[in-house]
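Let me begin by presenting the structure, written as structure tokens, before commenting on it.
The values are calculated or read from the model by the stated rules, or taken from the named source; none is laboratory data. Note that the coordinates shown come from a computational prediction; the quantities given were computed from them, not determined experimentally. All Cβ positions, even for glycine, are placed from backbone atoms using ideal geometry, and neighbour counts span all protein chains on display. For the accessible areas, the whole protein counts, side chains as well, though only heavy atoms, and no ligand, DNA or RNA atoms are used. Shrake-Rupley method; radii C 1.70, N 1.55, O 1.52, S 1.80 Å.
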Amino acid sequence: MAMTFGWRGQFLRVNLTSGKLCTEPLRPEEVKDSIGAHGLAIHLYGKEIPAEIGPGSAENALILATSPLTGTLLPNGGHYSVVTRATRGAGRSCANLGGAWGPELKYAGFDAIVVQGKSPRPVYLWISDGVAELRDAGHLWGKSVRECGDLLRAETDNKAHVCCIGPAGENRLGVAAIVSDAKFASGAKGVAAIAGEKNLKAIVVRGTKGIRLARAAEFMETAQRLRHDSAATLLRGKGSRLQGPVLLVTSVAEDTEALPSDGVRPRNCFGCTVVFSSFADDLTGETIARFHNESLPQVDAAQLREQRAFVDLGLDYVSAKALLASGKYDDMQDQVELAGKLARGELGENTEAEVNPGEVGNSGCVVGGYVLVPAIATAGLGNDSGADASMLAAAESAGCCPFAAALMKAPEIASLLSSATGMDYSPEDVLRAGRRIATAAGK
């Protein structure tokens, strides 16, 4: 492998049409400026796929990418990105997801996966410590996300991690979501539909290989300090309540009035150090939710069950709820029953009608019974407001979730990237790369 620090130095190429799989190197000079994850996926897509290629073409790619910091002690360092072109002549869609799937791909020996072609039948990809194979997924087609994950772990490894689509993605709906570890769903428009178009039900990974760092002691010192500072900072989210238990977080600010005991940490995401205190309407400042006591019935349990049912069908909860409430359907029907019909393609929806390919989707996390969806910038916590988009793009490409990104600055990202990879990054390099990634997103 060309690189041995931070990066695994290789990606997996999968041709679903021929069934051929091969490993290819990633060269240091081609990945430094991409940082990783979202930036790396954009780089590989631009390198591999002509601009005129449409979503239905076998040449269109679905690219999943991590960063050199994914799977390390980077605060919330489990995020990875999935990039594809969802509609002909339009830009790329990017889904950013959490959970432990991204770190597991690194531990299995790969930085990224480039999936091209279309399988003549449903398949899933199984990767275990550098060895990959395509397997039949006929018995999984039509299964829910949770059923799919349970069946795949039973036939591969009970410690494996699963990224998959549900019935909504199989039927190529624009309101479909790609789901990581059964909980983290990103409804970035068209990404799950392209997986369904390719007959790719899931990618299952299991890895046991460690990650080498160029200057491990230096990296650990910086990462541990950031984790300590993050865990000691209570965040007040701001935004607008959207659907039931889903809260769209458009910005965050440090809550200096809350007590340490008031904070609640999101569940289940890899390496999470973020602590929330409350959520407020961004226009009125009114507190919508407090997270300090999870035992309180802050959210109707039925609403949370509904959200989980939508995700289990492979639907993006917010956009699917908006579609069902649009007046096109009988709103007196049970919402979960109606969502099942939608996901199975019984309502006549298609991907083209609902796709906004320039949108970048982020997976949410559960906090105090609510689902927080991060659509945030990094303003308000010491970052230059003029560099918000660049900082967020750089932090996400480093493998950091948007909530933790709000707590980080360019010098810290540069320090972590340098000590992990052995390549020199300056704060200016990080912001320049972030600007390039933010500008390229959706093109």
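The stretch between Ala231 and Asn268 holds 11.8 nm of extra length on full extension. This uses 0.36 nm per residue minus the Cα-Cα distance. Go ahead and set up a Gaussian network model of the chain, Cα springs under 10 Å, then flag whichever of Asp111, Asp262, Asp316 fluctuates most. Looking only at Asp111, Asp262, Asp316, the biggest GNM fluctuation is shown by Asp262.
With 5 Å bins beginning at zero, the pair-distance distribution over Cα atoms of region 181-256 amounts to 3, 9, 9, 12, 12, 15, 17, 14, 7, 1 %. Along region 118-123 the Karplus relation, 6.51 cos²θ - 1.76 cosθ + 1.60 evaluated at θ = phi - 60°, assigns HN-Hα couplings of 9, 6, x, 8, x, 9 Hz to successive residues, with x for each Gly and Pro. For region 61-67, 3J(HN,Hα) computed residue by residue from phi via the Karplus equation (6.51, -1.76, 1.60; θ = phi - 60°) reads 10, 10, 10, 10, 9, 10, 10 Hz, glycine and proline entered as x.
The residues of the chain present an accessible area of 37 Å² per residue when probed at 1.4 Å with all protein chains retained.
Dividing the Cα radius of gyration of region 167-217 by its Kirkwood radius returns 1.23 for Rg/Rh.
Largest GNM mean-square fluctuation among Ile49, Ile203, Ile165, using the chain with Cα springs under 10 Å: Ile49. Taking the DSSP bridge list for the chain and keeping only pairs wholly inside it, about 70 percent are antiparallel.
With r as the distance between the Cβ atoms of Val131 and Lys341 and R0 = 30 Å, compute the FRET efficiency 1/(1 + (r/R0)^6) and round to 0.05.
On the way: r = 40 Å, r/R0 = 1.33.
FRET efficiency, Lys341 to Val131: 0.15.
Per-residue accessible area (protein heavy atoms, 1.4 Å probe) orders Met423, Met408 as Met423, Met408, starting from the largest.
Stretch Glu147-Glu29 to full length: gain in nm at 0.36 nm per residue minus the Cα-Cα span?
Numbers: separation 118, 0.36 × 118 = 42.48 nm, distance 4.21 nm.
Additional length available on full extension: 38.3 nm.
Computed over the Cα atoms of region 127-225, what is the ratio Rg over Rh, Rh following Kirkwood?
Numbers: Rg = 16.5 Å, Rh = 15.0 Å.
Checking Rg against Rh, the ratio lands at 1.10.
For the pair Lys159 and Leu283, the difference between a 0.36 nm per residue extended length and the Cα-Cα distance amounts to 40.2 nm.
Calculated from DSSP H runs of 4 or more alone, at -39500 (n - 2.57) each and per residue, what is the 222 nm mean residue ellipticity of the chain, nearest 500?
Numbers: 15 runs with 134 residues, N = 443.
So the calculated ellipticity at 222 nm is -8500 deg cm²/dmol.
What a 1.4 Å probe finds exposed on the chain is 49% carbon and sulfur by accessible area, rounded to a whole percent.
I need to check one value: relative contact order of the chain, counting alpha carbon pairs closer than 8 Å and at least 6 residues apart, in percent. Relative contact order comes out at 21 percent. Across the options Ile376, Val162, Ser397, the greatest Cα extent toward the positive end of the charge dipole of the chain (unit charges at beta carbon of Lys, Arg, Asp, Glu) belongs to Val162. Bridgeable lysines around Lys20 (alpha carbons under 16 Å apart, same-chain partners fewer than 8 residues away excluded): Lys118, Lys198.
Based on Cα contacts under 8 Å between residues 6+ apart, region 221-283 shows a relative contact order of 41 percent.
Hey, what's the per residue convex hull volume over the C-alpha atoms of region 215-304, in cubic angstrom? Please report the intermediate quantities before stating the final value.
On the way: hull volume 10.9 nm³, N = 90.
For region 215-304, the hull spanned by Cα atoms encloses 121 Å³ per residue.
Regarding region 38-159, what's the average projected area of the Cα-atom convex hull, expressed in nm²? Don't skip to the answer; put the middle values down first.
Working: hull surface 32.7 nm².
For the Cα atoms of region 38-159, the hull's average projected area reads 8.2 nm².
Amide hydrogen proximity for Ala289: with H placed 1.01 Å from N in the peptide plane, the residues at 5 or more positions away or on another chain lying under 5 Å are Phe279.
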